[in-house]
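Worksheet for the structure shown next.
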Amino acid sequence: MTEIEKLVEVAGDAAPQIDRIARFGFAAKGIVTILVGGLALRYAIGWGGRVTGPQGAIQSVLDEPFGPLILAVLALGLAGYAVWMFLAAIIDADRKGAGFRGIAERVSFFVTGVGYALLAYATVRLQLGRGGGGTSLNDLAAAVLTPWVGRWFVGLVGCCVIVAGLLQLRLGITGSFRDSLRHDLSKWERVLLVVVGGMGYMAIGVLSLLVGSSLVEVAIEYDPSEAAGWDEALWVLSRLKEGPWLLGAVSVGLILYGFYSVLLVRYRAL
């Protein structure tokens, strides 16, 4: 038995706990994504709102009734999703395999896990009244950007995010993510999940391509200010010729992806 198989066996023994952590994480991720998409959609159609990323969307909750309590719950959920991503990357809990595509997806899972762990940390800081600074993509790029190793590392991460974006677009177009759903769904449940998830994956894929491209640009230009997260990626879309329409379409996709993530709490096969 290989080390990976041993790790998978251990994860199997802890399956009930991992199941709860993952589903809690799906819910938190979905809520944050809906917030980002909702704010961007309102901005696109001129109803207020603002273009922001996950951290900005979470910050908007702080002044709402029970805001600190909601942030505490979101922080736990986001940390849970980060744990699931690390498990999916390290022990292949999502069963992607050891082929080229499987390894590429697992690397992107690890990068995603780091991102959600940092988002959970920023949420805790907001909840404690310490602000959420120091965790933006520009800050991270600046922290690791050194002339040689850091530069190659940032470029490699950017390439992984681009690959993840292409795979997300593929999932959205082909609907192959339905293989991860429970097999006892009714026809209408499966149709709903495939339609909502497909549109959502395509929106996430577009943002991932923009974010990954910005990281490659950081490595080439040796300038951390070139790093772009979701907020900058959405701004890029809004400034194009058909900006309001593009931003509105991607915003709707984000809302649908968030809705899909929430539905995974019940319908995901783990």
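Couple of notes before you dig in:
- Out of 254, 185, one residue alone is at pLDDT 95 or above and either surrounded by fewer than 21 Cβ atoms within 10 Å (Cβ to Cβ) or closer than 21 Å to residue 52 by Cβ (or both). It is 254.
- For the range 179-201, a tally of residues being under 23 Å from the mean Cα position of the chain (by Cα) and outside any helix (DSSP H, G or I) returns 2.
- Residue in the range 141-150 that is modelled with pLDDT under 90 and either crowded, with 22+ Cβ neighbours inside 10 Å or on the phi > 0 side of the Ramachandran plot (or both) present: yes
- Residue among 75, 79, 27, 44 that alone is under 17 Å from residue 252 (Cβ atoms) and in contact (Cβ under 8 Å) with a residue 40 or more places away in the chain: 44
- Complete set of residues in the range 28-54 that are surrounded by fewer than 20 Cβ atoms within 10 Å (Cβ to Cβ) and part of a loop (DSSP other than H, G, I, E, B): 45, 46, 47, 48, 49, 50
- Taking the listed residues 237, 264, the one that is surrounded by 15 or more Cβ atoms within 10 Å (Cβ to Cβ), out of contact with any strand residue (DSSP E or B) (no Cβ under 6 Å at 6 or more places or on another chain), assigned to a helix (DSSP H, G or I) and touching a residue at least 60 places away in the same chain (Cβ under 8 Å) is 264, with no other qualifying.
- Answer residue from the range 202-225, given it is modelled with pLDDT of 90 or more and of a type in the set (S, T, N, Q) and is farthest from the chain's Cα centre (by Cα) among those: 213
- First in the range 87-98 and at pLDDT 85 or above, second anywhere and buried (at least 21 other Cβ atoms within 10 Å of the Cβ) and in a loop (DSSP other than H, G, I, E, B), Cβ under 6 Å, 6 or more apart: 87/93
- Answer residue from the range 88-104, given it is hydrophobic (A, V, I, L, M, F, W, C) and in contact with a helix residue (DSSP H, G or I) (Cβ under 6 Å, 6 or more places away or on another chain) and is surrounded by the fewest Cβ atoms within 10 Å (Cβ to Cβ) among those: 104
- Test: residue in the range 207-230 that is surrounded by 18 or more Cβ atoms within 10 Å (Cβ to Cβ) and more than 22 Å from residue 115 (Cα to Cα): no
- Just one of the listed residues (175, 205) is at positive phi and out of contact with any Lys or Arg (no Cβ under 7 Å at 6 or more places or on another chain), namely 175.
- The lone criterion from (1) part of a loop (DSSP other than H, G, I, E, B); (2) touching a Pro at 6+ places or on another chain (Cβ under 6 Å) left unmet by residue 65 is number (2).
- With respect to the conditions (1) modelled with pLDDT under 90; (2) surrounded by fewer than 16 Cβ atoms within 10 Å (Cβ to Cβ), residue 69 lacks only one, and its number is (1).
The values are calculated or read from the model by the stated rules, or taken from the named source; none is laboratory data. These numbers were taken from a predicted model, which means no experiment stands behind them. So basically every Cβ, Gly included, is an ideal-geometry build from the backbone, and we count neighbours across all protein chains shown.
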